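The values are calculated or read from the model by the stated rules, or taken from the named source; none is laboratory data. What you see is a predicted model; the values in this text were computed from it and never measured. No Cβ is skipped: glycine too gets one built from the backbone with ideal geometry, and neighbour counts run over all protein chains shown. Heavy atoms of the whole protein, side chains included, go into the accessibility calculation; ligands, DNA and RNA do not. Shrake-Rupley method; radii C 1.70, N 1.55, O 1.52, S 1.80 Å.
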Amino acid sequence: MQDAINILMVGIMVLLGGIPSIYILVSMPVILAGKIYRKVRFGNSLYD
């Protein structure tokens, strides 16, 4: 019984740590690509 609880706790911790990490890994290149596109296309600042 104790092993099942430990496995469940580890699984929950993996989900809680993995989901934000995947979000950051995906969202940062998308945001940067959008900023670079607006810089090239419209001449906007990269800091806006």
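Calculate one ³J(HN,Hα) per residue across segment 34-48 by plugging θ = phi - 60° into the Karplus curve 6.51 cos²θ - 1.76 cosθ + 1.60, and present them in order as whole Hz with x for glycine and proline. Calculated HN-Hα couplings, in order: x, 5, 5, 4, 5, 5, 6, 6, 10, x, 6, 6, 6, 8, 8 Hz. Accessible area per residue was computed with a 1.4 Å probe on protein heavy atoms; L8 scores about 110 Å². Only helical runs count toward this figure. For the chain, summing -39,500 (n - 2.57) over DSSP H runs of n ≥ 4 and dividing by all residues gives -31500 deg cm²/dmol at 222 nm. In loop segments of the chain as defined by DSSP, the chymotrypsin sites (Phe, Trp or Tyr not before Pro) with at most 12 further C-beta atoms inside 10 Å of their C-beta are Y47. Along its three principal directions, the equivalent ellipsoid of the chain from the Cα gyration tensor extends over semi-axes of 43, 7, 4 Å, largest first.
Maximal additional length on extending the M1-V40 stretch stands at 8.1 nm, based on 0.36 nm per residue less the C-alpha distance.
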